1. Averaged over all directions, how much area does the convex hull of the C-alpha atoms of the range A:63-171 cover when projected, in nm²?
2. If we hang a label 7 Å off Cα along the beta carbon direction at residue B:149, how far is it from the matching labels on the other copies, in nm, shortest first?
3. If the elastic network links every pair of Cα atoms under 10 Å, which of B:217, B:85, B:182 fluctuates the most in the Gaussian network model of chain B?
4. Any idea how far the Cα center of the range B:280-316 sits from the one of the range A:222-274, in Å?
5. I'm a student and want to see the number: the projected area of the Cα convex hull of the protein assembly as shown, averaged over all directions, in nm².
6. Who wins for biggest fluctuation among A:88, A:298, A:203 in a Gaussian network model of chain A, springs between alpha carbons below 10 Å?
7. For helix A:65-76, what angle does its Cα long axis make with the longest principal axis of chain A, in degrees from 0 to 90 and rounded to 10?
8. Taking the alpha-carbon centroid of each part, what is the distance from the range A:143-178 to the range B:150-168 in angstrom?
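Read-outs throughout are calculated quantities, based only on the coordinates presented, and are distinct from any laboratory measurement. What you are looking at is a predicted structure, and each value in this text was computed from that prediction instead of being measured. Because the Cβ atoms are built from the backbone with ideal geometry, glycine has one as well, and the counts that use them run over all protein chains shown.
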């Protein structure tokens, strides 16, 4: 006798991610095959499908959060998941484009334990491969029936993404204190642009292709944006206090790179002498461990986690405000949990 | 007494370019103002509107061929020129994006006698500014009434542009002779992608916004593509035999950079001993002047000019095949003349 649907345990977030990745993969492969062979190889290398030179391999790719959001966005609107596949392909292509270009801007030489594309293929080719992915993303969406309306969403998210990245680059040149310091609201706007815009766009685009009414599209966009900020905040906490064995990043990495992350900014703007002491330490060559302790003492870690919780709650509020299919909405919630509660 | 319209002399190409630039300028300025201020400054610097730091200046910008084609495309379809302005803005933004990124890939440090954007602002910021212009171009078109249909044209032209640039980068690594040599048909495909696709797209997009029927859109696209190839061929001839005082480029510049241009490729594939002699010279460290003479002797210059004439004729054929408004069609023809018959 077959178990009733209600008796089936809700899928875990990794199961949701796997299901969506499997659904999107053939279309993503087909899309990448349309690229110039050289550009296609760089794209396939980025996705973890091949080595430099094109030999097939199964290297770790990304989690595929954006493609999952697109599929779930369509399903939450009552359409089959396949309705969201073109949106999923478009947002994965855009995400990969942004990784390629960001790695050049940030001078990062490894990603997922392999050389970055610009390290492996050269800066010029990596710039061009990013451009190719960008053009392909827009083309994929533009030629999908019903996708033309989504192009505006996608290009506007792209604009926000660039805006956030530009702010992030400029933050590096600003002082820790004084009138030119980075304010918390500026950080939020940067994180929303750099991380939230494309997550929101993914879910919203899926909903558009799934035939959702405008309020549902807007709600999913907002949910994705808050998810992005929450994700970035958790990432900031892990970048200072995370276990390198789990995060795969060096201990205190963000402090060594002198990144203007939320915990540091919150600690610096806290009342009391701790903030001033921290500022002095940040401006010196002191060990990052010293700064980490001062940030924690000044309440920076707690402030970041509180802020992450506020944005997680805002995701819930956005999702609860519109009618969504129960199953996909639960999948969205388990994905959210997985992304912002990891390792904490 | 006022002269009758028929008595008015047809405008010259520079007059056509000036008129279109003046029509497009306010919308282009408004569009650039929507960018992140830092990205907007890099865009304004590229357009020749400001110096590094933002101080206003009137430095030489581009001729504005693409914006003119978009305006004339709309007018040729019987619409007022202003109907093509959004298309003009989109293609100028895309053109500028491609200049920014190409200068990085080619390592070029000056453009129009000023430092290139990556030289003046850094590679990372120049990559990002290009991305910002790209996103803005798509957004501009997507939010224009009737523009959604044009997004597919634009993204497909972008794909061709990247394809052509990728081929051009790969040509550099290929030998002058042997089975791996660059064939003339590969050169044509490269030039069509790198130069023709966006020129064709400009005229076609203008026509789309001007309400032209599909055959007119296709004809203008084809005309622009042939114009692009012809333009590239003339550029190749000038790059070897042009007067540096007129071109602003060093004498024999393309030969010094060992570029695989049409005259060289045609000379190498000519029958007779001249081709073999030329190959030996190209593989040696001989003076570019020696190679230039051998290329001319082997018929490379004549072949390039003949080929340019064939593509110019193909532009005429494409324009003659569809009904176009007489005035704008004549403006298109005078622009064509101006672009491919300059200084020859």
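1. On the way: hull surface 30.0 nm².
For the Cα atoms of the range A:63-171, the hull's average projected area reads 7.5 nm².
2. Sorted ascending, the copy-to-copy spacings read 1.9 nm.
3. For chain B, modelled as a Gaussian network with Cα springs under 10 Å, the answer is B:182.
4. Distance between centres, Cα-based: 59 Å.
5. Values: hull surface 147.3 nm².
Averaged projected hull area, Cα only: 36.8 nm².
6. So, out of A:88, A:298, A:203, the one fluctuating most is A:298.
7. With both axes taken from Cα atoms, the answer is about 50 degrees.
8. Taking the Cα centre of each part, the range A:143-178 and the range B:150-168 sit 22 Å apart.
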